[in-house]
Amino acid sequence: MDAQELSATCSQILTGVEIVIVGKHRVVQLALVSALCGGHLLIEDIPGIGKTMLARALARALGCTYKRIQFTPDLLPADVTGTSIFNQKTVEFEFRPGPVFANIVLADEINRATPKTQSSLLECMAEGQVTVDGVAHPLPQPFLVIATENPIEYHGTYPLPEAQLDRFLMRISIGYPRPAEEVSILDRQMKDHPINTLQPVAGVSQVLALQQAVKEVFVEPSLKAYLVEVVTATRSHPLIALGASPRGSLGLLRAAQAWAALSGRDFVLPDDVKEMAPAVLAHRLITKPEARARKLSPEELVAEVLAAVPVPVS
C-alpha cells in the first residue's frame, strides 16, 4: 500500500467517524493514529462529551469487532479476561473468553475498578494475549483498548498506576463543541443517531495492512536521534520527577510515522514529532511539587522541552 492509497483510505475513515463526532477533526485524527499504530488510547474528559461514541464510531468505521466493559468497583479480573469452566460432558476445563477478546475494547470509566482488576489489562495491552491457568490465549488482531475516565470526579475511583498509563500510546481529551457545532449535533440527532447509519469503510485485513504500511514510513537517522533527545530531555527537566520511558520513544516514533501517513507522506518530518509529542509523552510524566505549585501541566512541560531541543538541519 503506497502513501497516497493509505492517505485516501484514512480520509474515508475520518469522514465516516466525523458523521458521528462533530467538529472534532484533530481528536478523530489522533484516535485514528492510535489505531494505525496498534496503540491504546486513553480519553480523559467530563461526562456527556462523546468519549464512548468516539470509540463506537471508530470501531464501526474500521469494520472491527467491538465490546464495551463497564468498569465498576465490584468488577473482577475474570469478568474482563475470561475464566476456565468445568465441562461435565468432556470432564475437562474449558476456557470461556471474556469481553476483552475483540478488536476494539472500550474500558469505560477504567479508574472505577480496583487496581487488581485494572491490572488484568496489563498483559493484554503489552503482549496481546491473556494467560489463564498457565495457558496463553492470543487476542484477535488488530487489538486496541480505548479507555475513558472522568478527570473531575474522584469519589470511588482508583488512579491508574504508572505501569498502566505507560501502556497507553496517547492520552487525549475531546472538549466542549462550539455553539454552531452543538446545534449541528442537535440537528443530526433529531430523529435518529448517526451512528446507526455509519457503514464500515475498512475491514480487519485492511486495518492490518494500514498498520503495516505505517511501519514502512521512512524516518531519517538524524530524526530518530532528535526524537530520542526530546524524550531524554524529559528525564532531566528540573520540574519533572519521572520522565518518559523507552516505550514512550517507540510510541512517539510510531505516532509520527502515522501522522506523516495521514498527511500523504512516506517520510517523517520534525514537525510530525512535535505534533505528536504532547499526546504521546505528557501522561507518562510525573511532575515535581514545584511544577504543580506553579500550575504547569505536563503538556506545558513537553512544550518547554520541544522549544529547548534543537531541530536537526538536513
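Some notes on this structure:
- Every condition in (1) at pLDDT below 95; (2) more than 17 Å from the chain's Cα centre (by Cα) holds for LEU210 except the one numbered (2).
- Residues of segment 219-247 satisfying the condition of being among the aliphatic types (A, V, I, L, M), surrounded by 16 or more Cβ atoms within 10 Å (Cβ to Cβ) and outside any helix (DSSP H, G or I): VAL219, LEU239, ILE240, ALA244
- Residues within segment 254-286 that are of a type outside the set (Asp, Glu), over 19 Å from the mean Cα position of the chain (by Cα) and either buried (at least 20 other Cβ atoms within 10 Å of the Cβ) or in a helix (DSSP H, G or I) (or both), tallied: 2
- Against the conditions (1) under 25 Å from LEU121 (Cα atoms); (2) part of a loop (DSSP other than H, G, I, E, B), VAL22 satisfies every one except (1).
- Among the numbered conditions (1) farther than 17 Å from GLN70 by Cβ; (2) within 18 Å of the chain's Cα centre (by Cα), the only one that ILE146 does not meet is (1).
- Residue identified as touching an Asp or Glu at 6+ places or on another chain (Cβ under 8 Å) and closer than 30 Å to ALA260 by Cα among ILE174, ILE195, ILE146: ILE174
- Residues in segment 21-41 that are of a type in the set (Val, Ile, Thr) and touching a helix residue (DSSP H, G or I) at 6+ places or on another chain (Cβ under 6 Å) were compared, and the one that is surrounded by the most Cβ atoms within 10 Å (Cβ to Cβ) is VAL33.
- Residues that are buried (at least 18 other Cβ atoms within 10 Å of the Cβ), over 25 Å from LEU54 (Cα atoms) and not small (Gly, Ala, Ser) within segment 71-121 comprise just one, PRO77.
- Being hydrophobic (A, V, I, L, M, F, W, C), within 22 Å of VAL27 (Cβ to Cβ) and in the same structural domain as ALA59 (by TED's automatic domain parsing) is a property that holds for VAL207.
- Here LEU250 meets each of (1) hydrophobic (A, V, I, L, M, F, W, C); (2) farther than 19 Å from ARG167 by Cβ; (3) in a helix (DSSP H, G or I); (4) without any contact (Cβ under 8 Å) to a residue 24 or more places away in the chain with one exception, condition (2).
- Failed criterion for GLU44 (all others in (1) out of contact with any strand residue (DSSP E or B) (no Cβ under 7 Å at 6 or more places or on another chain); (2) in contact (Cβ under 8 Å) with a residue 40 or more places away in the chain hold): (1)
- Cβ pairs under 7 Å, 6+ apart, first in segment 256-281 and free of Cβ contacts under 8 Å to residues at least 40 places away in the same chain, second among the aromatic types (Phe, Trp, Tyr): ASP272/TRP259; GLU275/TRP259
- Within segment 211-248, the set of residues being farther than 18 Å from ALA303 by Cβ and of a type in the set (Ser, Thr, Tyr) comprises SER222, SER245.
- Residue match in segment 103-121 (condition: farther than 12 Å from LYS67 by Cβ, without any contact (Cβ under 8 Å) to a residue 24 or more places away in the chain and in the same structural domain as THR65 (by TED's automatic domain parsing)): no
- Where strands (runs of 3 or more DSSP E) fall wholly inside segment 35-106, the ranges with 2 or more residues that are among the acidic types (Asp, Glu) and more than 15 Å from the chain's Cα centre (by Cα) are 92-97.
- Condition check for LEU169: within 18 Å of LEU281 (Cα to Cα), touching a Cys at 6+ places or on another chain (Cβ under 8 Å) and not polar (S, T, N, Q): yes
The values are calculated or read from the model by the stated rules, or taken from the named source; none is laboratory data. The model shown is predicted, which means the values in this text are computed figures rather than measured ones. Here the Cβ is made from the backbone with ideal geometry for all residues, glycine too, and neighbour counts use every protein chain on show.
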